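Remarks on the structure that follows.
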Amino acid sequence: MSSSPHAKRARSRPPRAAYSHWASLGSRFPAQAAYASASYQETWTTGWFCRRETSVPGPSGARQLAPRTVALTALMDSPVSDAADEVVDLSFADERAVVQTRFATTALSLLRALVHPESAEPAAADAERALVEPLPVDVAGVEQWTFLGRGWTVGLAHEAALKLRETAQAWTEAYPAFEYRHGPVAIAAPGRVVWSFGPLHPDIAEQIGATGATVLAPELDPLASLVLAQRAAVALAESRGLDPDEPRNLTRSIVLSDGELDLLSPRGA
């Protein structure tokens, strides 16, 4: 599907294999690891989080975007690795599907561990549970999905919504939990799911439940709940006869044109 020279990996991703590698992250990211050191925490001014590769023509183009750039990538032979000032090698978490699941949870776990090193092992233990627990809803019967978060888990809500949208062409939305009732709750209804990354305030849960929508708040670490949502995306895609590894209109690699880089430069901002 991709014309990029950096997208040569063939399709193969059994659903469980996409997540099981991440489930051992408690030992992958010890607090004393070099990329979790204080020096990195001080110098990560701007970073690329390369789930799939967004490539630039060369180092000079990249360094116009910010005083210092850091790339988190699983593709060490890519232009992004050459262009960044610092590179965090996550090649052990690379995968061959167009839609990235293992790499996303790995990179998010690394960034979280920089702030809360004690979070990695409990999250990994919950991820093991998320691999084997039954899905909390019959995905084939869901018309629409909304994901909610608070604080840092708002990003997880958006990531979950993106995964179901990419993989299964699902109607998905994502919001901060306390903004949800300021309009978006209007679409909550029977046959639709509202999934919270973390406990919902009882008042919010009660109002959503009154609409007839299915309210989900898995009793898992939020990152492990993301793994559960990834599994739901695969299951939904397969129920619709779609290939979860190669969704339509997507490629593993995007190479920015000179015009696009101009828009991203300080001159075009």
Go through (1) farther than 30 Å from Ser253 by Cβ; (2) at pLDDT 95 or above; (3) surrounded by fewer than 18 Cβ atoms within 10 Å (Cβ to Cβ) and name the single condition Arg192 misses.
(3)
For the structure I just gave you, tell me whether Ala124 is more than 15 Å from Leu216 (Cβ to Cβ), among the small types (Gly, Ala, Ser) and surrounded by fewer than 15 Cβ atoms within 10 Å (Cβ to Cβ).
no
Taking the stretch 85-110 on its own, how many of its residues are touching a residue at least 40 places away in the same chain (Cβ under 8 Å) and assigned to a helix (DSSP H, G or I)?
11
Only one of (1) touching a residue at least 40 places away in the same chain (Cβ under 8 Å); (2) surrounded by fewer than 18 Cβ atoms within 10 Å (Cβ to Cβ); (3) part of a helix (DSSP H, G or I) fails for Asp82. Which number is that?
(1)
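For (1) buried (at least 17 other Cβ atoms within 10 Å of the Cβ); (2) touching a strand residue (DSSP E or B) at 6+ places or on another chain (Cβ under 6 Å); (3) hydrophobic (A, V, I, L, M, F, W, C), each residue gets a yes or a no:
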position: Ile208; (1), (2), (3): yes, yes, yes
position: Ala213; (1), (2), (3): yes, yes, yes
position: Glu219; (1), (2), (3): no, no, no
position: Val227; (1), (2), (3): yes, no, yes
position: Arg240; (1), (2), (3): no, no, no
position: Pro244; (1), (2), (3): yes, no, no
position: Arg248; (1), (2), (3): no, no, no
position: Ser257; (1), (2), (3): no, no, no
position: Asp262; (1), (2), (3): no, no, no
Given (1) surrounded by fewer than 16 Cβ atoms within 10 Å (Cβ to Cβ); (2) assigned to a loop (DSSP other than H, G, I, E, B); (3) free of Cβ contacts under 8 Å to residues at least 60 places away in the same chain, number of the condition Asp77 does not satisfy:
(3)
Here is a check on your reading of the model: is Ala210 over 27 Å from Pro122 (Cβ atoms), modelled with pLDDT of 95 or more and of a type in the set (A, V, I, L, M)?
yes
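Determine whether Thr146 is over 17 Å from Arg192 (Cα atoms) and surrounded by 23 or more Cβ atoms within 10 Å (Cβ to Cβ).
Against the criterion (over 17 Å from Arg192 (Cα atoms) and surrounded by 23 or more Cβ atoms within 10 Å (Cβ to Cβ)), Thr146 does not qualify.
The values are calculated or read from the model by the stated rules, or taken from the named source; none is laboratory data. Note that this is a predicted model, so its numbers are computed, not measured. Every residue, glycine as well, gets a Cβ built from its backbone with ideal geometry; the counts of neighbours run over all protein chains shown.
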